[in-house]
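> Below are the structure tokens for one structure; questions will follow.
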Amino acid sequence: MKLFTSKLSAVLLSACMVLPVLSTSAAISSNNTAIAAETADPAISFDNEDQFFVYVGTYGQSTPQFRYIYPNAAGSYTADKVLWENAPTDIAYGDIYIAYGDAPMTQVYPAADDPANAHVTYYTLDDGAELSKAGNCSDIMEKKDLSVTSKTYDGSSHWSVRYMDAAGEEYYYGLSTYSSNLIVDPLDCEVGDVYTYALYNDYMVVPLAKKDSTVSYGIGVSQLPDKTEYHIGEELDLTGLRLNGSYTEGDLVACIMDEDYRNVPITVDASEFDNTKAGTYPIYVKYGDAKDSFTVDVIDDERASGDVNSDGEFGVSDVVLLQKWLLAVPDTHLANWKAADFCKDGKLNVFDLCLMKRELIRTTVTTYVEPDHRSTYGAPLYVVKDGLNLYLGPDGSYASIAALPEGTQLNELGYNDHNYNWLFTEYNGQYGWIRTYEDDNKTRTVEYLATTDKPVIYLYPEQETDVHVELELTEADLSTTYPKYNNGWDVVAYPDGTLLNKADGSHHKYLFWDAVNCRTRFDFSKGFCVAGSDTERFLKEKLSYMGLTEQEMNEFIVYWLPRMEHNAYNLISFQGDTYTNSAKLTITPTPDSECRIFMAYVPLDAAVEIEPQQLETFEREGFSVVEWGGVEIKSGKVG
């Protein structure tokens, strides 16, 4: 059953569906014999008249949830969600149950006492329903390994995952982020990941397992070359360099040292080394897609030594002596003035003094500079400039201790006041500083992985009102908006919250936006540590206290609960000025009351102590504006 045919027919999916619409009219009955042999009742069959159910997970962590397949008017097949409250206790993931004819079902719409599921409708089996077990997908269906070729997101919680089998045939799987109850999660994938699927008549039914990637590589420098310091004109000599590599394929793990393996060479890239001028240069080592690096120095023999007092050492006393000489302090004498001519222009001035101080720092500082502020929960980021230098301090005058390859993932571990172009981090056990922008202060050297997710803006005027809304992001990049943001939103707002978008005449409940590359340093000094299983109760209590209506609260919980309740713990902090200063709203006419709730949270494996956060309540007066959104920091605790 190729739920997602190789012909890649277009299908339109419901927001709450896990299994998609079948995109072919091929009869399901051609495999009757194979499946009937596994069943207790040989009369059980799969054909266009019968329905069958596949158990894919649980709903609300208790009620078994199925997908049942039935022919639709278009000549293909549809899959719907079914809850079986009185199901047997021995059900396992992937179990197939048969319903003869029309199974007794009732379509359920969201009840007032079940607000968390206001976005869905579903079917529940009546108390008298009886289904017959046919077996488990993993036992009675074909199994096939499929490699992920792409994963795309449409900006409104819908994902499409494309696969390819060993023969090059393509498969397509469409689902939404609400569908978190699949035990084997198809969304937890990257290009190249391999999944084992159960297939019936070559249609995908349910993912059975996620397999380890076929091949992975590792490389590291275990011993530096004998020579790491060169004079101008000397050739690079890597004698003594030792490398450790690893090759993993399925259950095979091979350790490699200084040699090729499986026709994959270990290479050294010294293309940036320049022996014609002084500097620190990165040397890269590569094995497959794995990279590591170390640095070598080229020294200018004619460079000023700094030893102006000729005592055989360059130190603070030399800097003080040159400073006194420049200030014309009486009885000041330079024993070797050329040692201070860092500009190489035959004269001494304040520019030489500045370079002299830099050189002193470079040659004497051997430990990293501690940041003004350590980040308890470091924001994740990755390097976009190949060979980005890691320095001992927040300035290019400090010694470079590593060159970071493009794609390296890091966490921000600290920062200094009034120095936003540098951050403190750790790479391969070395702590130091990286510059976040090039010298032009425009080109980024790193990108942040955090995203500002689904802030939505509700407008409640006292009477029908033309409203203009503008959003200014100072620490993130606007990604998706709906309706379309064009130098702002222009809408007609009604007292019940309905919005008419003037640009295209469409109607909306709220204004939606999200952002990527979020660089905001969120405040976790106070907050709440909440068990994942207790997230729903916590959110209902706090959101209600802060002033959200039941509808607003339900829409918040429906979006965030599936991402939080399966974590062991969540560290939650509702942001104030930290958020509103980074995402500024300008609304015309000016609202009489405004509530902006933004939740930042960190998934944790264990509980932590944190000072409880004191929250404020919101009173709606006159023209009211309400916004909610959030961000997940996937870093865990640092330090």
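The values are calculated or read from the model by the stated rules, or taken from the named source; none is laboratory data. Keep in mind that this is a model prediction, so the values were computed, not measured. Cβ atoms come from the backbone with ideal geometry, glycine included; neighbour counts cover every protein chain shown. Ligands, DNA and RNA are excluded from the accessible area calculation, which covers all protein heavy atoms including side chains. Shrake-Rupley method; radii C 1.70, N 1.55, O 1.52, S 1.80 Å.
> May I ask you to order 225-232, 330-337, 281-288 by the average number of other C-beta atoms within 10 Å around their residues, highest value first?
The peptides rank, most packed first, as 281-288, 225-232, 330-337.
> Keeping all protein chains in place, calculate the accessible area per residue for the range 422-494 (probe 1.4 angstrom), answer in Å².
So the range 422-494 comes to 47 Å² accessible per residue, rounded to a whole number.
> Turning to a different aspect of this structure: If the convex hull of the alpha-carbon atoms of the range 497-639 is projected onto planes in all directions, what is the mean projected area in square nanometres?
It is 9.8 nm².
> Also, I was wondering about something else. Using amide H atoms built 1.01 Å from N in the peptide plane, name the residues 5+ places from ILE401, or on other chains, whose amide H lies under 5 Å from its own.
Correct list: LEU390, TYR391, LEU392.
> So how much accessible area does LYS133 have, in Å² to the nearest 10, using a 1.4 Å probe?
Accessible surface of LYS133 is approximately 90 Å².
> Additional query: Please list 3J(HN,Hα) in residue order for the range 582-588, calculated via the Karplus relation 6.51 cos²θ - 1.76 cosθ + 1.60 where θ = phi - 60°; whole Hz, with x for glycine and proline.
Result, ordered by residue: 9, 9, 8, 9, 10, 10, 10 Hz.
> Using a cut-off of 9 Å between beta-carbons, work out the net charge of the residues near GLY622 (Lys and Arg +1, Asp and Glu -1, GLY622 not included).
-2
> Taking all protein chains together and a probe of 1.4 Å, list ARG242, ARG67 from the most accessible to the least accessible.
The residues order as ARG242, ARG67, largest area first.
> Can you tell me the order of 314-320, 595-601 when each peptide is scored by its average per-residue count of other Cβ atoms within 10 angstrom, highest first?
595-601, 314-320
> Evaluate E = 1/(1 + (r/R0)^6) for HIS333 and ASP395, where r is the Cβ-Cβ distance and R0 equals 30 Å; express this FRET efficiency to the nearest 0.05.
Taking R0 as 30 Å, the efficiency between HIS333 and ASP395 is 0.40.
> Still on this model: On a full-extension model of 0.36 nm per residue, what is the gain between VAL608 and GLU621, subtracting their alpha-carbon distance, rounded to one decimal in nm?
0.9 nm
> Which stretch or stretches of the range 500-529 have amide N atoms under 14 Å from the point lying 7 Å from THR481's Cα along the Cα→Cβ direction?
Taking a point 7 Å out along Cα→Cβ of THR481, the residues of the range 500-529 whose backbone N falls under 14 Å are 501-504, 511-516.
> Let me ask something else. I need the phi-derived Karplus couplings for the range 494-501: 6.51 cos²θ - 1.76 cosθ + 1.60, θ = phi - 60°, integer Hz, Gly and Pro marked x.
Rounded to whole hertz, the list is 10, x, 7, x, 5, 10, 10, 6.
> Suppose R0 equals 35 Å; then what is the FRET efficiency for VAL350 and LYS277 from their Cβ-Cβ distance, rounded to the nearest 0.05?
0.90
> OK, next. Counting Lys and Arg as +1 and Asp and Glu as -1, each charge on the Cβ, what is the dipole of the range 538-596 about the Cα centre in debye, to the nearest 20?
My answer is approximately 200 debye.
> Quick check: pseudo-label points 7 Å beyond the Cα along Cα→Cβ at ASP139 and VAL221, how many nm apart are they?
5.7 nm
> With label points built 7 Å along Cα→Cβ from the Cα atoms of THR228 and ASP496, find their separation and express it in nm.
Label-label distance for THR228 and ASP496, simple model: 7.1 nm.
> Still on this model: Work out how much length ASN581 to TYR382 would gain on full extension: take 0.36 nm times their residue separation and subtract the Cα-Cα distance, in nm to one decimal.
Value of the extension gain: 69.2 nm.
> Which order, highest average first, do 291-298, 538-545 follow once you tally other Cβ atoms within 10 Å for each residue and take the mean per peptide?
Put in order of decreasing packing, that is 291-298, 538-545.
> Report the gain in length on full extension from ASP188 to GLU594: 0.36 nm times residue separation, minus Cα-Cα distance, nm rounded to one decimal.
142.4 nm
> I'd like the Karplus ³J(HN,Hα) series for the range 135-151: coefficients 6.51, -1.76, 1.60, θ = phi - 60°, whole numbers in Hz, and an x wherever there's a Gly or Pro.
So the Karplus estimates, Gly and Pro as x, are x, 10, 3, 5, 9, 10, 10, 5, 10, 9, 8, 10, 9, 6, 9, 6, 9 Hz.
> What residues qualify as long-range amide H neighbours of VAL206, i.e. H under 5 Å apart, gap of 5 or more or another chain, H built at 1.01 Å from N?
Here ALA198 satisfy the definition.
> Can you send over the solvent-accessible area of ASP417, 1.4 Å probe, protein chains only, in Å² to the nearest 10?
Looks like 80 Å² after rounding.
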